[in-house]
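The values are calculated or read from the model by the stated rules, or taken from the named source; none is laboratory data. Bear in mind the structure is a predicted one, so any value in this text is a computation, not a measurement. Cβ sites come from the backbone with ideal geometry, for glycine too, and all protein chains shown count toward neighbours. In case anyone asks, the SASA skips ligands and DNA or RNA and just uses the protein heavy atoms, side chains included. Shrake-Rupley method; radii C 1.70, N 1.55, O 1.52, S 1.80 Å.
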Amino acid sequence: MKKIISLLLAAGLCLSFAACAAKDAPDRAEEPDPAPSLPAEPDPVSQPVPAEEPKPETIWAQIDGVTISLLQTGYPAGVKNLVLLLDNATDLTLGYGEDFSMQKYTDGAWRQIDFQENTIVDDVLYMVPPHSTRAMPYSTVMLTRSLDEGLYRLTGGELWMWEDQEDRETFPAWHIDFRVTSDAPPEPDYALYIPIQPVLASEEQIPVQFINATGKDGYVLDIPHLERQNDAGEWEEVPYREGIGFCGTPSTLPAGVRDWSEDIPILWDALEEGQYRLSYAVGPDFDTDQTVYGEFTVCGPELCALPLAEDFQTEE
């Protein structure tokens with residue numbers, strides 16, 4: 001709480017002393033020097049202290065086994081489209097709607113950015129089955145202004161989880177933060193997401209999800225390239241087992257999310273502990289001249305936070 005402190009400036013007081021009849025006393029006491037005036041302090045009200053900017057919440061994980069994240073935490077000024085990933089690692093069906101709002105952190109508070117007049121959001125309930133991921137695209141073009149540099153918060157609506165329609169649980173609105181800067185890269189057209197983190201060394205499969213944010217079907221060459229990070233921080237190729245071969249024809253990569261998995265013992269034998277990177281060739285046509293990467297950690301049971309079924313993290 002700000003306190004306004006008024007200073008009382010000292011003024012000199014003239015004190016008169018009565019004459020004393022004592023023999024050695026002076027006829028009149030000397031007057032003291034006036035106290036010096038103190039300079040006025042600045043008014044605190046006219047110099048407000050800006051509130052400290054909050055730490056961005058780039059991953060929402062308020063429900064066990066459910067995470068919401070962006071493809072990246074920073075976006076260029078004027079960004080028009082954002083793709084969020086809703087990962088449902090539970091045994092229940094997850095539901096959500098299209099309604100959302102946008103806020104910008106300004107002058108110590110989150111300020112609402114209005115929608116353009118006559119903006120309509122469809123009242124649709126989307127379903128995310130157990131142990132699956134859905135890409136959620138959001139557009140900023142319906143807002144009254146474009147996103148300039150700063151810290152933003154996208155707030156969604158309620159979430160629902162149920163085993164059947166008679167046993168449905170409702171959760172409050174979710175939100176996720178991101179920063180807009182002049183030098184941030186645009187959101188990628190294609191991305192690779194590995195939902196279960198970390199991977200236990202004894203695991204036999206790596207779950208993979210391809211993200212196609214273009215809104216149109218693309219292509220992916222289903223030949224996985226696996227690398228492991230060495231002590232120097234460099235990526236080294238993990239060789240396939242002898243006799244492994246692949247078809248060189250790309251597969252269709254539909255818009256949204258495509259679920260996939262790779263069999264570890266068949267392709268590479270067992271994986272030792274460490275940091276890994278999986279990659280594929282993708283693109284809008286058969287040339288598949290782009291590459292998507294997804295990192296994950298392999299650890300032993302003594303290092304992994306068990307039970308894994310309830311502990312999921314997103315690698316940015």
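Can you tell me how many residues within the stretch 247-300 are touching a strand residue (DSSP E or B) at 6+ places or on another chain (Cβ under 8 Å), among the aliphatic types (A, V, I, L, M) and closer than 17 Å to V199 by Cα?
5
For the condition among the β-branched types (V, I, T), under 14 Å from the mean Cα position of the chain (by Cα) and surrounded by fewer than 19 Cβ atoms within 10 Å (Cβ to Cβ), what is the one hit in T58, T93?
Among T58, T93, only T58 is among the β-branched types (V, I, T), under 14 Å from the mean Cα position of the chain (by Cα) and surrounded by fewer than 19 Cβ atoms within 10 Å (Cβ to Cβ).
Within the stretch 211-304, which strands (runs of 3 or more DSSP E) (wholly inside it) include 2 or more residues that are within 30 Å of M136 (Cα to Cα) and open to solvent by 50 Å² or more (accessible area, probe 1.4 Å)?
Filter on the stretch 211-304 gives 218-229, 256-263, 290-299.
Which numbered condition trips up P198, out of (1) open to solvent by less than 40 Å² (accessible area, probe 1.4 Å); (2) touching an Asp or Glu at 6+ places or on another chain (Cβ under 8 Å); (3) over 17 Å from G97 (Cβ atoms)?
The number of the failed condition is (2).
Of the residues in the stretch 182-210, how many are of a type in the set (S, T, N, Q), within 21 Å of T58 (Cβ to Cβ) and either touching a Gly at 6+ places or on another chain (Cβ under 6 Å) or part of a loop (DSSP other than H, G, I, E, B) (or both)?
Looking only at that region, the number is 2.
Is it the case that the stretch 108-123 has a residue that's under 30 Å from V292 (Cβ atoms), in contact with a Gly (Cβ under 8 Å, 6 or more places away or on another chain) and at pLDDT below 95?
Checking the stretch 108-123: not a single residue is under 30 Å from V292 (Cβ atoms), in contact with a Gly (Cβ under 8 Å, 6 or more places away or on another chain) and at pLDDT below 95.
So, restricting to strands (runs of 3 or more DSSP E) that lie completely within the stretch 115-171, which ones have at least 2 residues that are without any contact (Cβ under 8 Å) to a residue 24 or more places away in the chain?
Those strands (runs of 3 or more DSSP E) span 168-171.
Among P50, P76, P54, which is in contact with an Asp or Glu (Cβ under 9 Å, 6 or more places away or on another chain), farther than 29 Å from F171 by Cα and at pLDDT 85 or above?
One residue alone meets the criteria, P76.
Filtering the stretch 146-188 down to residues that are modelled with pLDDT under 90 and open to solvent by less than 70 Å² (accessible area, probe 1.4 Å), which residue is farthest from N88 (Cα to Cα)?
Of everything passing the filter in the stretch 146-188, E187 is farthest from N88 (Cα to Cα).
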